[in-house]
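The values are calculated or read from the model by the stated rules, or taken from the named source; none is laboratory data. Keep in mind that what you see is a predicted model, and the values were worked out from it rather than measured. In this analysis, Cβ positions are derived from the backbone assuming ideal geometry, glycine residues included, and neighbour counts consider all displayed protein chains. For accessibility, only protein heavy atoms count, side chains too; no ligands or nucleic acids. Shrake-Rupley method; radii C 1.70, N 1.55, O 1.52, S 1.80 Å.
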Amino acid sequence: GSLNLPMRFAWGAGATGTNGAAYLLAIRALDLAPWRSIAGTQLPAGRADLELRITSERDGHLLRGGITGGLSELSFPGAPGSAVGLRLDLKGAGKLDDFQVATVEQFVLQLQQGAQRLAQASALAQVNLPRQEFSGQVTGDASLVASMKVFPVAGADLTGGKATLSAQVSGKSGETNASLVVTLGELSGVLQGVALKDYEARLDLAGSAN
């Protein structure tokens, strides 16, 4: 890691920090295999490449952060022989304003094998302490055919199909609302002995709590 200037955090309206300071932490080609002795044998094999950058603005009242990178050459213990050469890409960005408002402006995960994208998920979130409110959302999609070629499911032989997910949560003054929508669409092929042709299933959930 490296720091170009002393980074002082400003806490409170009258405090002053250092403007323009930037901290960079980079991990290059970290082999995950040796970490199995610490994290357990279920840890996948592969290489990690990550870069984290934090910058200070407005005399330390605004901190911005970003992370890019991912895991490559992934393989999972006990997985079929087709589950090799996987890559998980990560990209994220956010900010912290006066240590009062935290915002995740971007968070994207993408799993692929070669040029074939298997699944992707993204998220946004914000926590506002002065207003006592928070919100967040997660969306995702996956190609069932491509994913099942890598991770076979017994009794499933699909020739078409995709899965999507959308979840939202929000809260204010002690009241929380949440919703979840999961869709399986364009399902074709054979599933547990049942022939499917452009079949679709949808799950909707919503609730609130005080």
All positions within the range 114-149 that are more than 11 Å from the chain's Cα centre (by Cα) and open to solvent by 60 Å² or more (accessible area, probe 1.4 Å): 115, 116, 117, 126, 127, 129, 130, 131, 132, 134, 137, 149
What's the number of the only condition in (1) open to solvent by 20 Å² or more (accessible area, probe 1.4 Å); (2) within 23 Å of residue 35 (Cβ to Cβ); (3) among the hydrophobic types (A, V, I, L, M, F, W, C); (4) within 19 Å of the chain's Cα centre (by Cα) that residue 86 fails to meet? (1)
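Residue-by-condition table, conditions (1) open to solvent by 40 Å² or more (accessible area, probe 1.4 Å); (2) at pLDDT 90 or above:
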site: 19; (1), (2): yes, no
site: 30; (1), (2): yes, yes
site: 40; (1), (2): no, no
site: 56; (1), (2): no, no
site: 67; (1), (2): yes, yes
site: 77; (1), (2): yes, no
site: 82; (1), (2): yes, no
Test: residue 165 is open to solvent by less than 50 Å² (accessible area, probe 1.4 Å) and either at pLDDT 95 or above or not in a strand (DSSP E or B) (or both): no
From the options 141, 89, 97, residue that is of a type in the set (D, E, K, R), closer than 25 Å to residue 22 by Cα and touching a residue at least 24 places away in the same chain (Cβ under 8 Å): 97
